Amino acid sequence: DRPLVLFFDDLQWADDRSMELLYALLERDHLQELDDNNGIHCLFVGSYRSNETNNNLRSYFDIFEHSTSVDVTNIHLGGLARADCNTMISEVLNLPTRLTSPLNDLVLQKTTGNPLYIKTFLHSLVEESVLNYSLPEKRWVWDIEAVKSTSIDKTVLELLARKLLDLPENVLDALRVLSCLGSKVDDTTIKRLYTSP
């Protein structure tokens, strides 16, 4: 009656202990506990960036794929295709695709079809007044040369910086302290910092 879905996002950043836990959950004995004689009602979904995985993580994925206790289905999600990207931009700007096609080509080139980057890039074009709504023309207009010279890297970094600044002040303070300790901090250190004044 109540199927269970567990979604694991950004597995490319998972440590060995997390992957061992996931492996343990996928073992047949644990899954049989969820069996109600009508079949197992449990779905595990994991997402990761294939260009950021290491050999250790790939070895876990191989184990999952060769497991006899679970069925594994791989779904590769690439960037949006040219036509899909153009449809997205066309709908956002409420313009026919034939008019957004030149803008689409540049946006697709700069974002590689990543929907988050497309959205972020379009927002930055509006903020920088490269993409504007024209009252006389009653539609969105843009300067194609200015779009060409706009950097996507700067846009994504600004987005991340803005999102960080929206975090609560105590979280920002903790991140500032943790950033001084290197790229990896164990939970013992965090617990010590948490209990200290």
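For the range 111-122, which residues satisfy the criterion of being open to solvent by 70 Å² or more (accessible area, probe 1.4 Å), at negative phi and out of contact with any Ser or Thr (no Cβ under 8 Å at 6 or more places or on another chain)?
Across the range 111-122, the qualifying residues are Leu116, Lys119.
Determine whether Arg82 is open to solvent by 80 Å² or more (accessible area, probe 1.4 Å), of a type in the set (D, E, K, R) and within 28 Å of Asn51 (Cβ to Cβ).
So Arg82 fits the description; yes.
Checking Val141 against (1) in contact with a strand residue (DSSP E or B) (Cβ under 9 Å, 6 or more places away or on another chain); (2) at pLDDT below 85, which test does it fail?
For Val141, the failing item is (2).
Looking at (1) modelled with pLDDT under 85; (2) open to solvent by 80 Å² or more (accessible area, probe 1.4 Å); (3) charged (D, E, K, R), which is the only condition Lys148 fails?
The failed condition is (1).
Mind listing whichever residues of the range 73-112 are modelled with pLDDT under 90 and in a loop (DSSP other than H, G, I, E, B)?
Thr73, Asn74, Ile75, His76, Leu77, Gly78, Gly79, Thr112
Determine whether the range 53-61 contains at least one residue that is in a loop (DSSP other than H, G, I, E, B), modelled with pLDDT under 80 and open to solvent by less than 60 Å² (accessible area, probe 1.4 Å).
Within the range 53-61 (the criterion being in a loop (DSSP other than H, G, I, E, B), modelled with pLDDT under 80 and open to solvent by less than 60 Å² (accessible area, probe 1.4 Å)), the answer is no, since none of the residues qualifies.
Looking at Leu160, Leu99, Leu108, Leu135, which one is farther than 30 Å from Tyr194 by Cβ, open to solvent by 30 Å² or more (accessible area, probe 1.4 Å) and within 18 Å of the chain's Cα centre (by Cα)?
Leu108
Which condition number in (1) under 18 Å from Ser90 (Cα atoms); (2) within 26 Å of the chain's Cα centre (by Cα) is the one that Val185 fails?
(1)
Within the range 166-176, is even one residue of a type in the set (Val, Ile, Thr) and more than 30 Å from Ser101 (Cβ to Cβ)?
yes
Quick check on my filter: what residues within the range 113-138 are outside any helix (DSSP H, G or I) and of a type in the set (Val, Ile, Thr)?
Result: Val130, single match.
Name the single residue that is surrounded by the most Cβ atoms within 10 Å (Cβ to Cβ) among those in the range 123-132 being out of contact with any Phe, Trp or Tyr (no Cβ under 8 Å at 6 or more places or on another chain) and either of a type in the set (Val, Ile, Thr) or on the phi > 0 side of the Ramachandran plot (or both).
Per the criteria, the residue is Val126.
The values are calculated or read from the model by the stated rules, or taken from the named source; none is laboratory data. It should be emphasised that the depicted structure is a prediction, and the values quoted were computed from it without experimental measurement. Counting neighbours? That spans all protein chains shown, and the Cβs are built from the backbone with ideal geometry, glycine included. For accessibility, only protein heavy atoms count, side chains too; no ligands or nucleic acids. Shrake-Rupley method; radii C 1.70, N 1.55, O 1.52, S 1.80 Å.
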